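Take a look at the structure set out below.
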Amino acid sequence: MRTSILRAPLLVAAITLLLASTALASPSASAGGSAKDGYNAIPSKVSGNVPSVGFEATQTNEFGDEVGLGGTARTLASMSVLLSSWGCESGNWYSGNCVTTPGATFNVPLTFTIYAESSPGIAGAVLAQQTQTFNILYRPSASTLCTSGKWYNSKDKTCYNGFPQTIKMTFSGVGVTLPSQVIWSVAYNTTHAGFIPIGESATCYASAGGCGYDSLNVGAKSFPNAPYVGTDTNEDQAFRNGFMESGWTGYRPLGAIVTK
């Protein structure tokens, strides 16, 4: 599914209506985020649907937020983002024929960036940037217990389309000292989106399940009492494709920065 988006409110509508997903967390985790210094909008336990932004579907190149860091530590340690995978090894989530071998993954290079502010809401110099290839889980197969090709989660007895997972990138040995206010983002390429679109010549494009990265989303939801560490400088704005966009109230990008 591919959608051309010209304005943030239309993008939010597309996220709400077309890309609703769910976030699963460690069963041992409790509600609320990490207490470490930095910033965290990702709950440690989430139930129910979580809207998400598909880069291929919405022609997004990078996505993130402008945030204030909490605590006193300012040396960058790691960054995290909550992703939602809608891709299948074979078939598609929207055609009801999704088939996935349990534990099967696809590889996606993710780039995490932290920008300084040149002025309020404007990204300035790159303070830290790192790219790493991650193994992203495909969503589970369609279940006969569900309708519309969804997979069945036996833990809460609910059917879902996307399969969320939190991805963490460690910035070990970098030693970057951050200011109190920064802009963070995550970026990756898809067939027709990203800073360097992969194009239709990739082997996966003609495969039965298509390319997993074309069905990969980034979570966006404003949870109660979030962010749990740090501050969101403007809840109505998100950082997308190099600019702060308005119209994002209720859809806070789900990312985290840990400092030490």
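Bear in mind that the values in this text are calculations on the coordinates, not laboratory data. All figures in this text were calculated on a predicted structure; none of them were measured in a lab. Note that we place each Cβ from the backbone using ideal geometry, even for glycine, and neighbour counts take in every protein chain shown.
The table below lists the values:
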| read-out | value |
| --- | --- |
| Trypsin sites (Lys or Arg not before Pro) restricted to the stretch 100-203 and DSSP loop, no more than 12 other C-beta within 10 Å | K155, K157 |
| Electrostatic dipole magnitude of the chain [Cβ: Lys, Arg +1; Asp, Glu -1; Cα centre; debye, to 20] | 580 debye |
| Label of the coordinate-derived value, Cα extents along the principal axes in Å, listed as (i) 79, 41, 31; (ii) 59, 46, 34; (iii) 51, 41, 37 | (iii) |
| Cα-based helix-to-principal-axis angle, 8-18 vs the chain, degrees rounded to 10 | 40 degrees |
| Centroid-to-centroid separation of the stretch 148-199 and the stretch 217-244 [C-alpha atoms, Å] | 14 Å |
| Unsatisfied cross-links (Cα-Cα over 29 Å) in the set K221/K260; K36/K157; K168/K221; K36/K221 | K36/K157 |
